[in-house]
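For reference, the structure discussed in these notes is given below.
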Amino acid sequence: MAETTYLDASELVINMGPQHPATHGVLRVKLKLDGEKVLGSEAIIGYLHRGVEKIAENRSYAQFAPYVDRMDYVAAVTNGMGYVEAVEKLLGVEVPARAQYTRMILAELQRIASHLLWLGTHALDLGAMTPVFYTFREREEILKIFENYCGARLTTHAFRIGGLLYDLYDGFEKEVLRFCDYVGPKIGEYGTLLTTNRIWLRRTQGVGVLSAEDAIALGVTGPVLRGSGVRWDIRKVQPYEAYDKVDFMVPIGEHGDTYDRYLVRMEEMRQSVRIVRQSVERLAPGPIMGKVGKIIKPPAAEVYHSIEAPKGELGYFVVSDGSTFPYRVRVRPPSFVNLQALDPMIRGHLIADVVAVIGTLDIVLGEVDR
Amino acid sequence: MADEPKVPPPGGASETPAKPAPAEGGAGAPPPKAAALPKPPAAKPAVKPEPWSSPLLDELQRKFPGALSDGVIFRNLPSITVTKEALLVVCEFLKSEEGGGYALLTDETAVDYPKREKRFEIVYHLYSFQRNDRLRLKVLVGESEAVPSVAGIWPTANWLEREVYDMFGVQYEGHPDLKRILLPDGWTGHPLRKDYDILKQDDAWVQANLGIKSGQ
């Protein structure tokens, strides 16, 4: 048998990342290519691993709360909300209505901020330079509201176990409503840039198709699952806070491709605006903190609590042994699970589509690696 | 407009009312005793898991005698322990339509109890779209035992099991590609074990690959 040389090989293995602007962080994807076509891939992760779950076992319940903000650092408010709710569930604490609506307002603003960041960077990856400048401008307004409320823009630590530390500042409602009036038409404006843009359609339609069955089998959640046509949103099916008292709709896609996921997220932003408006309307004066002791010492038990984070189901599994430190905190990160769908979604596609699919999965590496 | 009721919402975060010291044996039989008290406006939440009874559990007990134990419920989330041998058949059944249609494996993780005879608790969180319900399964395994992989039933378990292997050193049987996922391949030790101190690290690896004494 004649010896083969590398000239006979049609396959090529290359690395994308870990330092690559389109991987949205330190993600390394090993691609096996035949020309431009992707034959297979392997995602190599862990570059940002900080051992968040180990840290949890060495901190008290309240001390650990700021750490969760560092996982999905573009959606810190929802991360924190999931954790404090999980501990509240463990303790059996009732959160006052004012705190619930405040949390919902900030969480939905955070969802808009997270989706705006996704939209800008995703479009930038696919060659549309313009949207990123607009979306960052709008996101800035949300970050200003966060800063006015709790002093931080990104890693907010906005909530406390049992409710809120700070009551709303004067003029909060007005500022939030002004933002709602402002951002609503803007979302339509981005639509005019992209929704019927021919280049955008060619780059996204039919790319990274995920059927509903595959999506469920792979465990993906959030807009990726809804883009595949499964109408499932934890805010609706297992409501937390006061989501059962507000009116909103859960958009779904039809074809499960990148374009449908784009439409789903765009509509989600509009629905978030609706939730914010209704929550502001229902804000009534009242207490902001439930009955929680100075020292948090839950019963020896375990709870699982999950919320609809901007990226999917964010779950916290908290095991208590009755002491003041958690025995174990497991974070179920949506980005980690959704990233697993990358390989099946890009097989057979072109290398340029890898960028589109990474963008449409909307991962944050801080959360993937924890 | 702003007159939302401040009393606990019916479907929201409110939990099952407190039972006065739940007796272990007697499943079912809701206790109307607490209601007899004159003013129980804020029902105290249960402080410990209570025995769980449901048609699904009865069905499982009937189909897989001896395979299930410790059916408890806490904060509306039931939890059962399955023997390692029966894990795959029970999972197959739960995923099927008659078994409740638990089509989504939300999460798989482990908890380490080094003092127990079987130190690892492998925890599965299942979700059923059909019933809009969650269920927790547990499997207890010892240090040197391998757990059957559920990646054949729920493909999402692939990475989740790799993470458990990475963090706890639990071996899986029948996993398609069991290797470390978050830590580097050459790392020794499994950090989420309780005997792995928080400041501990693989010094040799850090020295060889990063050229520094400590990662701190």
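Which of the following residues is touching a residue at least 60 places away in the same chain (Cβ under 8 Å), facing chain A (nearest Cβ under 8 Å) and buried (at least 18 other Cβ atoms within 10 Å of the Cβ): B:Leu192, B:Leu182? Matching residue, one of B:Leu192, B:Leu182: B:Leu192. Taken over the range A:323-370, the residue count meeting the criterion of being part of a loop (DSSP other than H, G, I, E, B) and more than 10 Å from chain B (Cβ to nearest Cβ) is 9.
Here's the yes/no breakdown for (1) buried (at least 22 other Cβ atoms within 10 Å of the Cβ); (2) among the β-branched types (Val, Ile, Thr); (3) free of Cβ contacts under 8 Å to residues at least 12 places away in the same chain:
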{"site": "A:Leu33", "(1), (2), (3)": "no, no, no"}
{"site": "A:Glu36", "(1), (2), (3)": "no, no, no"}
{"site": "A:Ile45", "(1), (2), (3)": "yes, yes, no"}
{"site": "A:Arg50", "(1), (2), (3)": "no, no, no"}
{"site": "A:Ser60", "(1), (2), (3)": "no, no, no"}
{"site": "A:Gln63", "(1), (2), (3)": "no, no, yes"}
{"site": "A:Val68", "(1), (2), (3)": "yes, yes, no"}
{"site": "A:Tyr73", "(1), (2), (3)": "no, no, no"}
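No other residue among B:Trp187, B:Trp205 is outside the structural domain of B:Glu98 (by TED's automatic domain parsing), out of contact with any Lys or Arg (no Cβ under 7 Å at 6 or more places or on another chain) and free of Cβ contacts under 8 Å to residues at least 24 places away in the same chain apart from B:Trp205.
Screening the range A:170-250 for helices (runs of 4 or more DSSP H) wholly inside it with 3 or more residues that are at pLDDT below 90 and over 21 Å from B:Leu105 (Cβ atoms) returns the ranges A:172-194, A:198-204.
The number of residues in the range B:99-139 being more than 9 Å from chain A (Cβ to nearest Cβ), in contact with a helix residue (DSSP H, G or I) (Cβ under 8 Å, 6 or more places away or on another chain) and not in a strand (DSSP E or B) comes to 4. Within the range B:140-170, the residues that satisfy the criterion of being hydroxyl-bearing (Ser, Thr, Tyr) and in a loop (DSSP other than H, G, I, E, B) are B:Ser144, B:Ser149, B:Thr156. If you filter the range B:150-179 down to residues that are among the small types (Gly, Ala, Ser) and surrounded by fewer than 22 Cβ atoms within 10 Å (Cβ to Cβ), you find that the one that is nearest to the other protein chains (Cβ to nearest Cβ) is B:Gly152.
Could you list all residues from the range A:61-117 that are more than 14 Å from chain B (Cβ to nearest Cβ) and not in a helix (DSSP H, G or I)? Selection gives A:Asp69, A:Arg70, A:Asp72, A:Tyr73, A:Val74, A:Ala75. When A:Tyr243, A:Tyr262 are screened for being of a type in the set (Phe, Trp, Tyr) and away from every other protein chain (no Cβ under 14 Å), only A:Tyr262 passes.
Taking the condition of a type outside the set (A, V, I, L, M, F, W, C) and over 30 Å from A:Gly188 (Cα atoms), does A:Ser114 pass? So A:Ser114 fails the test. Regarding the range A:281-288, can at least one residue be identified that is closer than 21 Å to A:Asn79 by Cβ, more than 9 Å from chain B (Cβ to nearest Cβ) and modelled with pLDDT under 90? Yes, some residue in the range A:281-288 is closer than 21 Å to A:Asn79 by Cβ, more than 9 Å from chain B (Cβ to nearest Cβ) and modelled with pLDDT under 90. Against the condition of a type in the set (S, T, N, Q) and either farther than 25 Å from A:Glu85 by Cβ or at pLDDT 90 or above (or both), how does A:Thr155 come out, does it pass? No, not satisfied. If only residues of the range B:104-133 that are under 20 Å from A:Val368 (Cβ atoms) and not β-branched (Val, Ile, Thr) are counted, the one that is surrounded by the fewest Cβ atoms within 10 Å (Cβ to Cβ) is B:His125. Which members of the range A:298-311 meet the condition of being over 22 Å from B:Leu137 (Cα atoms) and within 11 Å of chain B (Cβ to nearest Cβ)? Scanning the range A:298-311 gives a single hit, A:Pro298.
Can you tell me which of (1) among the hydrophobic types (A, V, I, L, M, F, W, C); (2) surrounded by fewer than 21 Cβ atoms within 10 Å (Cβ to Cβ); (3) within 14 Å of chain A (Cβ to nearest Cβ); (4) assigned to a helix (DSSP H, G or I) is the one B:Leu56 doesn't meet? Going through the list (1) among the hydrophobic types (A, V, I, L, M, F, W, C); (2) surrounded by fewer than 21 Cβ atoms within 10 Å (Cβ to Cβ); (3) within 14 Å of chain A (Cβ to nearest Cβ); (4) assigned to a helix (DSSP H, G or I), B:Leu56 breaks only (3). B:Val206 fulfils the conditions (1) part of a loop (DSSP other than H, G, I, E, B); (2) within 14 Å of chain A (Cβ to nearest Cβ); (3) among the hydrophobic types (A, V, I, L, M, F, W, C); (4) out of contact with any His (no Cβ under 9 Å at 6 or more places or on another chain) except for a single criterion, (1).
Within the range A:194-204, the presence of a residue that is touching a residue at least 40 places away in the same chain (Cβ under 8 Å), under 30 Å from A:Gly151 (Cβ atoms), surrounded by 14 or more Cβ atoms within 10 Å (Cβ to Cβ) and more than 10 Å from chain B (Cβ to nearest Cβ) is excluded.
The values are calculated or read from the model by the stated rules, or taken from the named source; none is laboratory data. In this text, all values refer to a predicted model and were calculated from it rather than measured experimentally. Every residue, glycine among them, receives a Cβ derived from its backbone with ideal geometry; neighbour counts consider all protein chains shown.
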